[in-house]
Structures are given as structure tokens and as C-alpha cells.
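These notes concern the structure reproduced below.
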Ligand SMILES: CC(C)(COP(=O)(O)OP(=O)(O)OC[C@H]1O[C@@H](n2cnc3c(N)ncnc32)[C@H](O)[C@@H]1OP(=O)(O)O)[C@@H](O)C(=O)NCCC(=O)NCCS
């Protein structure tokens with residue numbers, strides 16, 4: 001996949017294991033260590049080689065602007081990670097990555113996309129706006145560096161074949 005927009009210049013590209021350096025750079029910038037949500041490089045490398053897993057990279061003017069990691073099994077897809085560096089936020093990159101994951105999941109035969117997030121993460125606003133509803137909760141699932149535990153919320157949305165990618169990205 002390679003998409004390009006005239007304004008703003010946001011590219012969405014399919015990533016590979018060769019892009020792990022970029023992924024970890026964004027991971028370190030995006031996730032606050034105190035919540036324990038970020039993955040290690042070896043966790044990312046381990047999952048990338050599994051069947052049904054794919055990575056989408058976002059770049060603005062050729063510079064890393066975020067990534068999303070997902071997997072699909074049969075008619076179900078899961079968003080594993082979504083991250084945008086602080087300097088690139090609130091410009092629609094997260095929404096575009098989420099939409100790209102939804103479209104690819106659809107193309108792979110998934111009918112539902114689900115994800116798990118820390119209770120209290122403002123990412124909830126983005127997910128709700130994108131049609132996700134809460135379907136479950138795991139108490140005290142995340143434990144941050146400060147030892148505090150946070151519930152995990154499971155969110156899900158049905159997928160349709162409609163165009164999901166917003167207008168800022170031109171196919
Ligand atoms: C969550 C995250 C990916 C959002 O990326 P983003 O590029 O800033 O998101 P977008 O610009 O596409 O946001 C789209 C809409 O979602 C909502 N939204 C996104 N972040 C929000 C926030 N922090 N607070 C309130 N609403 C927010 C807004 O409605 C926003 O539209 P607006 O800017 O026009 O108001 C980014 O904040 C991030 O990387 N966070 C740290 C990592 C993380 O927690 N990932 C999710 C793990 S489940």
C-alpha cells in the first residue's frame with residue numbers, strides 16, 4: 001500500500017521488519033512509560049513474522065508520523081498498536097491510520113475490528129468517533145512503572161466495505 005495526499009502530504013505505507021527502527025522511535029515518543037502500554041522491539045519483531053499480521057507506517061514529508069500494527073484471523077481483526085508522535089498529533093494521522101487498518105482488515109475478510117486500550121487513555125475519543133463501542137473490560141490489566149494498575153477496555157466495531165479513509169489521504 002502506498003497512498004499520497006497533496007495537502008497535507010501524508011503517506012501511508014506498508015511496513016516490514018526493516019522498519020522496526022522507525023516503529024520503535026515512534027513507540028518511545030508516543031507512549032508514556034508510566035502506563036506500561038508500549039511494546040519492546042523484540043515483541044514487535046516476534047509478532048511481525050506471524051501470519052495475518054501487518055504494519056502501516058505514516059509519513060509526513062518523508063518523516064515518521066506514526067504507525068499501526070494489526071492482525072486478522074478469519075473474520076476478526078485486532079488493532080494491536082496505534083501511535084503518533086506528540087509533534088504530529090491532532091492533524092488526522094491517527095484517524096487515517098485507523099481507517100487504513102479498517103480497510104485492509106475488510107480486504108482480508110474481517111467483519112469486525114477490535115482493540116484493547118488502557119482505561120483513561122484519551123485515544124478513546126478517537127475510537128468512539130470512529131464507531132467503536134466498549135464490549136469488555138479486564139480489571140487491572142496494565143501496570144505502569146509507578147506500580148499503578150489500570151483496567152483494559154475492549155472496543156469493537158463492525159467493518160463495512162464502504163470507503164473509510166478520510167479525504168486528507170488520496171488513493
Ligand atoms: C491516540 C493517538 C494515536 C491519536 O493520534 P492523532 O493523530 O493525534 O489522532 P487524530 O488527529 O487523527 O484525532 C482524530 C480525532 O480524535 C479525537 N482525539 C484524538 N486525540 C485526542 C485527545 N488526546 N483528546 C481528545 N480527543 C482526541 C479528536 O476528536 C480528533 O479530532 P480533532 O483533532 O479534529 O478534534 C495519539 O494520541 C497517540 O499516539 N497516543 C499515544 C499512544 C496511544 O495511546 N495509542 C493508542 C493505544 S490504544
Residue 91 being in contact (Cβ under 8 Å) with a residue 40 or more places away in the chain and either in contact with a strand residue (DSSP E or B) (Cβ under 8 Å, 6 or more places away or on another chain) or at negative phi (or both): yes
Enumeration of residues in the range 31-60 that are more than 13 Å from the chain's Cα centre (by Cα) and either modelled with pLDDT under 95 or within 11 Å of the ligand (Cβ to nearest atom) (or both): 32, 33, 34, 35, 36, 60
Qualifying residue in the range 66-79 (condition: near the ligand (Cβ under 9 Å from one of its atoms), closer than 17 Å to residue 154 by Cβ and modelled with pLDDT of 95 or more): yes
Tally, over the range 127-162, of residues that are within 13 Å of the ligand (Cβ to nearest atom), buried (at least 16 other Cβ atoms within 10 Å of the Cβ) and outside any strand (DSSP E or B): 4
Selection count where residues are more than 6 Å from the ligand (Cβ to nearest atom) and outside any helix (DSSP H, G or I), scope the range 88-108: 1
Scan of the range 12-47 for residues that are in a strand (DSSP E or B) and within 13 Å of residue 69 (Cβ to Cβ), ordered by number: 14, 15
Selection from the range 16-30 of residues that are away from the ligand (no atom under 16 Å from the Cβ) and touching a residue at least 24 places away in the same chain (Cβ under 8 Å): 16, 17, 19, 20
Unique residue being closer than 29 Å to residue 145 by Cα, free of Cβ contacts under 8 Å to residues at least 12 places away in the same chain and loosely packed, with under 13 Cβ neighbours inside 10 Å when the list is 122, 51, 86, 33: 122
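The values are calculated or read from the model by the stated rules, or taken from the named source; none is laboratory data. Since we're looking at a predicted model, the values are computed, not measured. Cβ: placed from backbone, ideal geometry, glycine included. Neighbour counts: every protein chain shown.
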